[in-house]
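The values are calculated or read from the model by the stated rules, or taken from the named source; none is laboratory data. What you see is a predicted model; the values in this text were computed from it and never measured. Please note: Cβ atoms are built from the backbone with ideal geometry, for glycine as well, and neighbour counts cover all protein chains shown. Calculation scope for accessible area: heavy atoms of the full protein, side chains included, ligands and nucleic acids excluded. Shrake-Rupley method; radii C 1.70, N 1.55, O 1.52, S 1.80 Å.
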Amino acid sequence: QMQELEDRLVLGARLREAIARDELSLHYQPQLAAADLRVTGFEALVRWNRPDLGPVPPGRFIPIAESLGLMPEVGLWVLNETCRQLSAWLEQGRSGFTVAVNFSAQQLQRPDIVDQVREALARHGVPATMLEIELTESSLMENVERVQGRLAELKALGVSLSLDDFGTGYSSLSYLREFSLDKLKIDRSFVNDLPESTDDAVIARTIVAMAHQLRLRVAAEGVENEAQAGFLRQIGCDELQGYHFGRPAPADEIDRKFPRD
Ligand code: C2E
Ligand code: MG
Ligand code: MG
């Protein structure tokens with residue numbers, strides 16, 4: 001409780017200056033096709049390095065940014081930086097992959113969010129098909145009709161939509177048909193104890209079967225070992241992401257680890 005209060009006061013004040021001071025950066029984590037383990041894309045994950053505080057993990061500063069209403073600004077920075085990096089990769093002759101960005105609930109509620117995405121892509125000359133947007137269940141449940149319209153507009157631009165942390169929110173399954181999603185990401189809490197946990201195995205199988213029936217792709221996050229990867233591949237999960245295949249890393253490290261074709 002005290003830590004929380006202190007975080008809000010101290011981090012909140014610092015966070016307001018973070019963007020202007022160039023303290024945010026992005027790390028990229030590979031996402032692989034389960035079938036042949038080829039890298040199909042990367043997830044962009046925001047990092048905040050405050051000289052006087054050291055690195056602050058997103059799990060600690062994002063809730064504060066949300067509560068202070070700063071997430072739209074952070075999110076816009078992430079979107080533009082992702083597109084800038086994508087254009088740099090394109091210039092290096094890298095193509096045929098996607099980069100996923102995480103959207104917060106607040107960002108999705110902004111009236112100009114679709115314009116922001118369109119402009120970021122145009123400014124950097126990045127094809128919309130290279131951009132994925134990861135949403136959470138809870139952010140879909142706020143102003144459902146408005147969100148539905150926004151997502152349809154985003155899809156019309158050509159970006160694809162993933163539902164992150166699937167299974168942990170209020171699983172009102174109706175949105176799976178009402179929203180035009182492309183992919184479900186099984187939350188890592190269901191992956192952690194695979195394949196030993198029979199309950200989690202049932203949950204994972206069920207999510208894969210349901211998603212495929214609804215013509216959605218399925219990814220698993222938090223894959224940390226070969227046993228988990230093998231099980232997920234065997235039950236038909238389409239994509240894998242986790243420390244077993246690569247930790248989130250800065251773009252220059254990605255350049256070295258994943259050489260051009
Ligand atoms: P997420 O979107 O579900 O991202 C996956 C998180 O799991 C990342 O944590 C990643 O580093 C971590 N992870 C990946 N593989 C493994 C694994 O094998 N084992 C374990 N234990 N963890 C793994 P990270 O980077 O700390 O981010 C935490 C959360 O913060 C993200 O969860 C996302 O909800 C949020 N976040 C990060 N960047 C952004 C952003 O730019 N915008 C918004 N709105 N949220 C962000
Ligand atoms: Mg995510
Ligand atoms: Mg997740």
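With the requirement that a residue be more than 13 Å from ligand 1 (Cβ to nearest atom) and either under 11 Å from E134 (Cβ atoms) or in a loop (DSSP other than H, G, I, E, B) (or both), what does the stretch 104-117 give you? Within the stretch 104-117, P111, D112 qualify. Could you look through the stretch 180-215, keep only residues that are of a type in the set (D, E) and touching a strand residue (DSSP E or B) at 6+ places or on another chain (Cβ under 9 Å), and pick out the one that is most open to solvent (accessible area, probe 1.4 Å)? Looking at residues that are of a type in the set (D, E) and touching a strand residue (DSSP E or B) at 6+ places or on another chain (Cβ under 9 Å), I get D182.
Can S162 be described as within 16 Å of ligand 1 (Cβ to nearest atom) and either under 16 Å from the mean Cα position of the chain (by Cα) or under 24 Å from L79 (Cα atoms) (or both)?
Yes, satisfied.
What do you reckon, is L108 in contact with a Lys or Arg (Cβ under 7 Å, 6 or more places away or on another chain) and at pLDDT below 95? So L108 fits the description; yes. Each residue in the stretch 23-64 was checked for being of a type in the set (G, A, S) and not in a strand (DSSP E or B), and 3 of them qualify.
Restricting V78, V101 to residues that are within 14 Å of the chain's Cα centre (by Cα), closer than 23 Å to L15 by Cβ and outside any helix (DSSP H, G or I) narrows the list to V101.
Conditions tested, residue by residue: (1) more than 16 Å from ligand 3 (Cβ to nearest atom); (2) surrounded by fewer than 16 Cβ atoms within 10 Å (Cβ to Cβ).
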residue	(1), (2)
L45	no, no
P57	no, yes
F61	yes, no
G69	yes, yes
E81	yes, no
S95	yes, yes
D115	yes, yes
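When R177 is tested against (1) part of a helix (DSSP H, G or I); (2) surrounded by fewer than 21 Cβ atoms within 10 Å (Cβ to Cβ); (3) within 19 Å of the chain's Cα centre (by Cα), only condition (3) is not met.
Among the residues making up the stretch 178-214, those that are more than 15 Å from ligand 2 (Cβ to nearest atom) and closer than 30 Å to A122 by Cα are E178, F179, S180.
Under 7 Å by Cβ, and 6 or more places apart or on different chains, what pairs join a residue from the stretch 1-15 that is of a type outside the set (S, T, N, Q) with one that is in a helix (DSSP H, G or I) and surrounded by fewer than 10 Cβ atoms within 10 Å (Cβ to Cβ)? As it stands, the answer is none, since no pair meets every condition given. Within the stretch 149-164, none of the residues are open to solvent by 30 Å² or more (accessible area, probe 1.4 Å), in contact with a strand residue (DSSP E or B) (Cβ under 8 Å, 6 or more places away or on another chain) and within 16 Å of ligand 3 (Cβ to nearest atom).
Which members of the stretch 216-225 meet the condition of being touching a strand residue (DSSP E or B) at 6+ places or on another chain (Cβ under 7 Å) and either within 16 Å of ligand 1 (Cβ to nearest atom) or at positive phi (or both)?
If we filter the stretch 216-225 for residues that are touching a strand residue (DSSP E or B) at 6+ places or on another chain (Cβ under 7 Å), which is where we start, we get 216-221, 223.
Result: V218, A219, A220, E221, V223.
All conditions in (1) at pLDDT below 95; (2) within 16 Å of ligand 3 (Cβ to nearest atom); (3) in a helix (DSSP H, G or I); (4) more than 17 Å from the chain's Cα centre (by Cα) hold for S171, with the sole exception of (3).
I'm trying to understand the selection: among the residues of the stretch 81-98, which are more than 12 Å from ligand 1 (Cβ to nearest atom) and assigned to a helix (DSSP H, G or I)? Outline the logic, then answer.
Within the stretch 81-98, the first condition is being more than 12 Å from ligand 1 (Cβ to nearest atom), and the residues that meet it are 83-98.
Across the stretch 81-98, the qualifying residues are C83, R84, Q85, L86, S87, A88, W89, L90, E91.
For the stretch 221-245, which positions are out of contact with any Leu (no Cβ under 8 Å at 6 or more places or on another chain) and part of a helix (DSSP H, G or I)?
E226, G230, Q234
I'm trying to understand the selection: among the residues of the stretch 122-142, which are at pLDDT 95 or above, in a helix (DSSP H, G or I) and within 21 Å of D164 (Cβ to Cβ)? Result: A128, T129, M130. Residues in the stretch 177-193 include at least one that is within 22 Å of Q234 (Cα to Cα) and away from ligand 3 (no atom under 16 Å from the Cβ).
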